[in-house]
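Below is one structure; the comments refer to it alone.
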Amino acid sequence: MTRITSDSFFKNIVDGSNDALVFVCPNAENSKDINHYVITYANKKAESLFGNTKESIQNKIIKELPKFFEFGELLNHLNSAIKSKKQEAFNFVQKVGHKNLNMHFKIESHDTGLLLSITEAKVYYVVDKESNLPEGDLKARINELEISNLFSYRVLDSYDSIVSYLKPIFDDNKVISDFRIDYINNRIDDITKEEPEYIIGKTLYEYYPKNLENGVFEILKKCYYSGDNQDYVKEFFFNKQPYWLSNKAVKMNDGIILFSKDITQEKKNKEQLFIQNRLLLEAEHVANIGSFRWNLGKEEIKYSENLYHMFGFEPKELDSKYDRLLAFVHPNDIEKVKNSFHESRISKAKTDLVFRIYTKSNDLKYMNTIGECYQKGGNWYMVGVIRDVTKQIEAESKLQAKNAELKRTNSDLEAFNRVASHDLQEPLRKIQMFVSRLNEEEKDTMSLRSQGYLEKVKSSSNRMRNLINNLLSYSKVDEVEEQPKRIDLNDVLTNVLDDLGERIDVMDADITSDALPVVNGVQFQLEQLFANLIGNSLKYVHQETKSKIQIKSKVVSHEELPPELLSFGGGYVKLQFIDNGIGFEKKYQEKIFEIFQRLHGKTEFSGTGLGLSICKKIVQSHNGIIQAKGELNKGAEFTVYLPTLI
Amino acid sequence: MNKLKILLVDDDEDDRQFFADALEGIALNTELRQLENGKSCMEYLLQETDNPPDLVFLDLNMPIMNGFECLEAIRRTPHLKDLLVAIYSTSSAERDIEETFEKGANIYIKKPSSFSELKKSLKQVVKMNWAYHLNDFKKENFLLKI
């Protein structure tokens, strides 16, 4: 194993390091008598930290340093270290020039004196017990120290970077073919878990073959041949883990000193930050929002990239002064925006407002801004988002317009209902009244033809009354104020059959029914439903066949439900009204429920074309569905699904 | 026996004629006075304090003062608060029936669409046992069933 003992190697390390290194010697042998320390050596960093450019701080006493003021506390530590010969560590805030530096001092007992190292500022004080030595002797002593292995290793190992010394290997043509690692400090252990001894003596190729491919070899060669320092950042893999090392290569005599700092964590943080920023940017773009950060004490506002886009600009195209933002605000909204921000600037309250802007291309857009204030480092900031709500606002106003239209339509419908219920019925009632008086009082004096006309007037006005009544009940299905109750459908059927009794008797119709269930509903509506369905069956009959109506009832399983009911859950009861009447063509199965849809001419069968529409509406308002199935001249089948009682 | 004094308040001339003819047709001992709106009805009632009608038939939809307002005015007037008032209207809207019941009408007659039905209704109301009707007065009995 090769030890580096070269004077210049050590000097290179201490001068090339970011740390201040200083030798100090006490002025007395006996610790009681010590009252100052002489700096016998200082590296470049120490010179720049504590000295000035005019003269070196070497051979000065510490308290006379141009930039070193508070000596008292440091003196105590140095004295105590000299006394105890043990290691001491302490933090020390030192005013250096205009700056307060927090320095961590480490004082260590050394073979020939005391080694003091300060990690944070990396200032090393090497104290020699010997005092009052003539200058020449001191220098000799320092040289002795400098070449001491122990000392070099301590300095190098207390260094927080990996330090290695590489010596070139030349091939037969005197061209560098590889480098030999002549020295590496034990910081390498932090990364690779390898002792330096394992590495020292290996070539770059042997230790990390990739170095000859990844450009590192070229960089090192360049450093060697040119003598210029080389900085590079590279990713390395140790134990399959990626590490990012920031490297500085310094030519030294016939080799290269390499300082390698592990920046993996920083790199990771940076990447994380980059990814997060990227994500934020994309999220803002997708959500059509922008964000801003505003130091409330200043006029400058920091905008996110997408905020510029929302205003129609390229990022940074627009200078981000508060006043500049106001220039885009719609003139009628400027006061509102000013007041809101002004309020927040004073009270630090949350701001939330919608205002209009004109973008660069003069498009009017609605923006919603929400900002919150917070304090950091004595300053107040507002962070917030600005959201483009143009589409929402437009949709909202469209919705409002639609609502207003719907309201109008509804009141039109109400007016129509009023007209239908009163104003239409009024003249109709009078017509019927006059007809009935003619019928009662004048019929005998009328010609047969007149009597025929009178009959026509009578049946037409009856039809009209039916129509009006049906229309009214159709429009009223949704308006029922009655709360649904438990309704026994057997009672419903009985009532309906009672009402239709005369017609059933006359036609001698055969009506049979299963036992019916109890459902939740509105009695008179369910009666209307049954009356319409049974009434239809009684109406659309074959002249020659006896009318047969069959009512079936069954609680259906989930599998038997029509698809449109599957999503509702809960059980259903299936009611079927089956007749042997004239039926209808299959293509009318859907159409048959449409309002004013009549499959037959008025002369063949009476009807207003509203009966089944009313049925459908009633079933729907009972959360069920109704279906029709028909075959021409064979019969019709209406199926009603109603929710079972819970 | 004194004639039953009936006051009909209806703006529709045809309806008044039907009413008068029907009343005549059922040949009861009645005396009919006809007025055209609520305002003239109130004026008449406040003037004829000594000779009030026995029964008022009140249409609802009338100009100047409608039947609802007139009914309220009648019930507000102390000496008229027990006057028998029959609502006589084309409307069969639940809302109207409810409202006139709340406002203190005594019976609700939906104007029929045949003359014979009208005669039947009038006969029923004129010959009604009011003491009995009002003794157990419920909403179910308010709308006249023929």
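Yes or no, residue by residue, for (1) open to solvent by 60 Å² or more (accessible area, probe 1.4 Å); (2) over 30 Å from residue A:453 (Cα atoms):
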{"site": "A:379", "(1), (2)": "yes, yes"}
{"site": "A:389", "(1), (2)": "no, yes"}
{"site": "A:406", "(1), (2)": "yes, yes"}
{"site": "A:409", "(1), (2)": "yes, yes"}
{"site": "A:416", "(1), (2)": "yes, yes"}
{"site": "A:426", "(1), (2)": "no, no"}
{"site": "A:434", "(1), (2)": "yes, no"}
Original post:
Among (1) surrounded by fewer than 16 Cβ atoms within 10 Å (Cβ to Cβ); (2) in contact (Cβ under 8 Å) with a residue 60 or more places away in the chain; (3) within 14 Å of chain A (Cβ to nearest Cβ), which single condition is residue B:127 missing?
Top reply: (3)
Original post:
Under 6 Å by Cβ, and 6 or more places apart or on different chains, what pairs join a residue from region B:5-17 that is within 11 Å of chain A (Cβ to nearest Cβ) with one that is open to solvent by 10 Å² or more (accessible area, probe 1.4 Å)?
Top reply: B:14/A:430
Subject >> Pair list, Cβ under 6 Å, 6 or more apart: region A:535-546 residue among the charged types (D, E, K, R), other residue open to solvent by 30 Å² or more (accessible area, probe 1.4 Å) >> reply: A:539/A:605
**OP:** Find the strands (runs of 3 or more DSSP E) located wholly in region A:163-269 whose residues include 2 or more that are open to solvent by 60 Å² or more (accessible area, probe 1.4 Å), and list them.
**Re:** A:230-238, A:241-252, A:255-262
Original post:
Is at least one residue of region A:522-532 free of Cβ contacts under 8 Å to residues at least 40 places away in the same chain, acidic (Asp, Glu), open to solvent by less than 80 Å² (accessible area, probe 1.4 Å) and closer than 22 Å to residue A:614 by Cα?
Top reply: yes
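Which one of these is in contact (Cβ under 8 Å) with a residue 12 or more places away in the chain, part of a loop (DSSP other than H, G, I, E, B) and under 26 Å from residue A:440 (Cα atoms): B:92, B:121, B:113?
B:92
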**OP:** Scan region B:41-62 and report the pairs whose first residue is away from every other protein chain (no Cβ under 14 Å) and whose second residue is surrounded by 14 or more Cβ atoms within 10 Å (Cβ to Cβ) and among the β-branched types (Val, Ile, Thr), with Cβ atoms within less than 6 Å and a gap of 6+ or a chain change.
**Re:** B:41/B:9; B:55/B:6; B:56/B:85; B:58/B:9; B:58/B:85; B:58/B:87
**OP:** Check region B:93-111 and report whether any residue there is away from every other protein chain (no Cβ under 14 Å), touching a Gly at 6+ places or on another chain (Cβ under 7 Å) and modelled with pLDDT of 90 or more.
**Re:** no
Original post:
If you go through region B:39-64, how many residues are open to solvent by less than 50 Å² (accessible area, probe 1.4 Å) and within 12 Å of the chain's Cα centre (by Cα)?
Top reply: 8
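So, in region A:436-465, exactly how many residues are hydrophobic (A, V, I, L, M, F, W, C) and either outside any helix (DSSP H, G or I) or within 8 Å of another protein chain (Cβ to nearest Cβ) (or both)?
As a first pass, look at region A:436-465 and keep what is hydrophobic (A, V, I, L, M, F, W, C): A:438, A:446, A:448, A:454, A:457, A:464.
Checking which are either outside any helix (DSSP H, G or I) or within 8 Å of another protein chain (Cβ to nearest Cβ) (or both) leaves us with A:446.
Within region A:436-465, residues that are hydrophobic (A, V, I, L, M, F, W, C) and either outside any helix (DSSP H, G or I) or within 8 Å of another protein chain (Cβ to nearest Cβ) (or both) number 1.
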Subject >> residue A:370 vs. criteria open to solvent by 40 Å² or more (accessible area, probe 1.4 Å), in a helix (DSSP H, G or I) and away from every other protein chain (no Cβ under 14 Å) >> reply: no
**OP:** With the condition kept exactly as written, say whether any residue in region A:348-361 is loosely packed, with under 11 Cβ neighbours inside 10 Å and closer than 24 Å to residue A:304 by Cβ.
**Re:** yes
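Yes/no per residue for (1) out of contact with any His (no Cβ under 9 Å at 6 or more places or on another chain); (2) in the same structural domain as residue A:176 (by TED's automatic domain parsing); (3) at pLDDT below 85:
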| residue | (1), (2), (3) |
| --- | --- |
| A:247 | yes, yes, no |
| A:274 | yes, no, yes |
| A:290 | no, no, no |
| A:294 | yes, no, no |
| A:320 | yes, no, yes |
| A:329 | yes, no, no |
**OP:** Taking residue A:474 as meeting all but one of (1) within 14 Å of chain B (Cβ to nearest Cβ); (2) open to solvent by less than 60 Å² (accessible area, probe 1.4 Å), write down the number of the exception.
**Re:** (1)
**OP:** Please enumerate the residues belonging to region B:64-86 that are within 22 Å of residue B:14 (Cβ to Cβ) and more than 14 Å from every other protein chain (Cβ to nearest Cβ).
**Re:** B:64, B:65, B:70, B:86
Original post:
Across region B:1-38, which residue is surrounded by the most Cβ atoms within 10 Å (Cβ to Cβ) among those that are of a type in the set (Gly, Ala, Ser) and at pLDDT 90 or above?
Top reply: B:38
Subject >> Condition met for residue A:391 (away from chain B (no Cβ under 14 Å) and out of contact with any Gly (no Cβ under 7 Å at 6 or more places or on another chain)) >> reply: yes
Original post:
Which of (1) open to solvent by 30 Å² or more (accessible area, probe 1.4 Å); (2) touching a Leu at 6+ places or on another chain (Cβ under 9 Å); (3) under 24 Å from residue A:609 (Cα atoms) does residue A:542 not meet, given it meets every other one?
Top reply: (2)
Original post:
For region A:274-312, what are the residues that are more than 19 Å from the chain's Cα centre (by Cα), part of a loop (DSSP other than H, G, I, E, B) and either over 24 Å from residue A:379 (Cβ atoms) or aromatic (Phe, Trp, Tyr) (or both)?
Top reply: A:311, A:312
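The values are calculated or read from the model by the stated rules, or taken from the named source; none is laboratory data. For clarity, every value in this text was computed on a predicted model and none was experimentally measured. All Cβ positions, glycine included, derive from the backbone under ideal geometry; neighbour counts span all protein chains shown. SASA here: full protein model, heavy atoms, side chains in, ligands and nucleic acids out. Shrake-Rupley method; radii C 1.70, N 1.55, O 1.52, S 1.80 Å.
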